[in-house]
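Working notes, structure below.
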DNA sequence: TGCCAGGCCCTCTTTAGGGCCTT
């Protein structure tokens, strides 16, 4: 049974290339349609936290002052997720910070990312928008605590991932759905989703035909 | 001095522009 790690960063800005740093990370392990383990930690990159970020996240300079250094946190969370495939909402954002913070400890990501936002755009075009908070309400997913804290957002994205897995499975007949299946689906143009799923079903039928 | 992300997607597109989404 495949396990994935759903992650979420809180950061001081939009881009590590512009000097932004991670100040909190959470990772949630999902297997068999449920959350089986959680990791969360603040980290202290010893940098300025803009007032906007403090207001958005509730994470203050005082809170990170006593937090562990980023290198220790990144080693811990990298150990926690291991080689499991990674998932995030708008994964291009979290992937940039994941790779940048790993590079600071001379480590390299070993697994691919999948993106719940790209998948939701394809599977739920009727949603009002594809913000994580909107999709949680739209899909009737469990509330996970304060938005814009890493663990709450990682849990919300994990519930969304589980719903996406269920919905895709429901549109297919017995075909096994994996992280790789969905990572491919997220790159299919929206108009081609039905044809892509039909193709998956046909391949599954051929592979299982006696 | 002023500005500063980046990838994806849609469309009044493709010789481009603008909105979405993440903090």
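Key figures for this structure:
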{"read-out": "Some residue of segment A:17-29 being without any contact (Cβ under 8 Å) to a residue 60 or more places away in the chain, farther than 16 Å from residue A:152 by Cα, within 18 Å of the chain's Cα centre (by Cα) and more than 16 Å from DNA strand B (Cβ to nearest atom)", "value": "no"}
{"read-out": "Some residue of segment A:68-82 being surrounded by fewer than 18 Cβ atoms within 10 Å (Cβ to Cβ), outside any loop (DSSP other than H, G, I, E, B) and within 11 Å of DNA strand B (Cβ to nearest atom)", "value": "no"}
{"read-out": "Residue in segment A:98-121 that is touching a helix residue (DSSP H, G or I) at 6+ places or on another chain (Cβ under 9 Å), modelled with pLDDT under 95 and more than 19 Å from residue A:7 (Cβ to Cβ) present", "value": "yes"}
{"read-out": "Residues satisfying the stated conditions in segment A:167-200, i.e. out of contact with any strand residue (DSSP E or B) (no Cβ under 8 Å at 6 or more places or on another chain), away from DNA strand B (no atom under 11 Å from the Cβ) and in contact (Cβ under 8 Å) with a residue 40 or more places away in the chain", "value": "A:167, A:168, A:178, A:180"}
{"read-out": "Enumeration of residues in segment A:128-153 that are near DNA strand B (Cβ under 9 Å from one of its atoms) and touching a strand residue (DSSP E or B) at 6+ places or on another chain (Cβ under 6 Å)", "value": "A:150, A:153"}
{"read-out": "Residue tally, condition exposed (fewer than 12 other Cβ atoms within 10 Å of the Cβ), free of Cβ contacts under 8 Å to residues at least 40 places away in the same chain and closer than 19 Å to residue A:192 by Cβ, over segment A:120-137", "value": "1"}
{"read-out": "Matching residues in segment A:48-67 - criterion: being part of a helix (DSSP H, G or I), surrounded by fewer than 18 Cβ atoms within 10 Å (Cβ to Cβ) and within 10 Å of DNA strand B (Cβ to nearest atom)", "value": "A:52, A:56"}
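The values are calculated or read from the model by the stated rules, or taken from the named source; none is laboratory data. Predicted model only: the values in this text are computed from it and were never measured. Positions of Cβ are generated from backbone atoms using ideal geometry, with glycine treated the same way; all protein chains shown enter the neighbour counts.
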